[in-house]
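Down below is the structure, laid out as structure tokens.
Just so you know, all these numbers are worked out from the coordinates, no wet-lab data involved. None of these values were measured; they are calculated from a predicted model. When we count neighbours, we look across all protein chains shown, and the Cβ atoms used for this are built from the backbone with ideal geometry, even at glycine.
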């Protein structure tokens with residue numbers, strides 16, 4: 001091999017390995033500049049919106065915001081206690097319903113299912129499509145399920161949890177399967193070679209190794225469900241002025257209260273809605289931060 005050929009091969013290998021290219025022609029530079037401008041513009045607009053919302057709601061950053069209920073008489077003291085507790089009820093119930101089903105489905109499809117069978121291929125296609133369906137459709141489906149169970153009023157904790165669970169179920173299944181795929185096949189083969197069954201290998205080797213990825217995907221799915229309002233509106237979830245105590249109690253949610261108060265004509269209610277938006281953003285950012293911490297703390301390199 002000549003020196004020129006060897007040098008070109010080394011440059012190509014270095015470019016592939018590092019992901020960097022020394023190509024600096026005008027077209028590539030313009031495209032790179034457009035990418036950076038798009039990223040910068042999106043971040044700036046988001047930052048401006050958050051800062052403007054925080055300034056608008058700064059007068060209501062007090063304890064009454066989270067301890068009080070929505071007030072008809074004293075609008076300047078309206079609070080979101082019912083919405084916050086309702087959101088917590090919905091998230092816990094959603095997690096209890098969805099996480100076992102999602103993980104079990106992902107384990108079956110990834111570790112036990114016959115990839116060539118037509119029904120498993122149909123499930124694969126549907127999973128990819130379900131992740132792109134508008135969230136309001138899941139509200140309609142949950143309303144139909146609640147009707148089958150004989151519930152005349154569907155805006156209860158169980159109904160909201162079913163809607164949000166259906167919404168994030170494809171996300172949990174897909175992320176769990178990706179976490180299982182990241183576990184090297186050598187671990188499975190070594191366990192099977194020592195006499196373990198496929199189930200024992202999955203339960204004691206594969207699943208524990210995939211827990212960081214599973215936990216991260218699950219938390220990210222729940223953080224998406226926290227901010228959803230469309231499926232809950234479809235179920236008739238509205239503002240209530242009491243704390244839910246069971247799965248069959250009427251429930252409110254923070255996004256629903258924000259939606260209602262943001263369109264109110266009174267300035268005091270719109271100010272409270274702005275403060276609640278910042279509170280909801282803090283909850284979502286906190287859940288995302290927890291997911292990042294779990295990923296960085298417990299991830300394994302093979």
I'd like the projected area of region 114-194, averaged over all directions, using the convex hull of its alpha carbons. Report it in nm² with one decimal. 7.9 nm²
Output the 0 to 90 degree angle, nearest 10, between the alpha-carbon long axis of helix 267-298 and the longest principal axis computed from the alpha carbons of the chain. 30 degrees
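Tell me the relative contact order for the chain as a rounded percent, counting alpha carbon contacts under 8 Å between residues six or more apart. If you can, show how the numbers build up before the last one.
Details: 365 pairs, mean separation 75.9, N = 302.
Averaging sequence separation for qualifying contacts and normalising by length gives 25 percent for the chain.
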Could you tell me which of rounded, prolate or oblate describes region 37-133, using a ≥ b ≥ c as the square roots of the eigenvalues of the alpha-carbon gyration tensor, with rounded for a/c under 1.5 and, failing that, prolate when a/b is larger than b/c and oblate otherwise? oblate
For the pair residue 123/residue 52, report the inter-label distance in nm, with labels modelled 7 Å from Cα in the Cβ direction. 4.7 nm
Figure the gain on full extension for residue 92 and residue 66 (residue separation times 0.36 nm, minus the Cα-Cα span) and round it to one decimal in nm. 7.5 nm
Considering the values [x] 48; [y] 41; [z] 58, which represents percent of Cα pairs over 27 Å apart as calculated for the structure under consideration? [z]
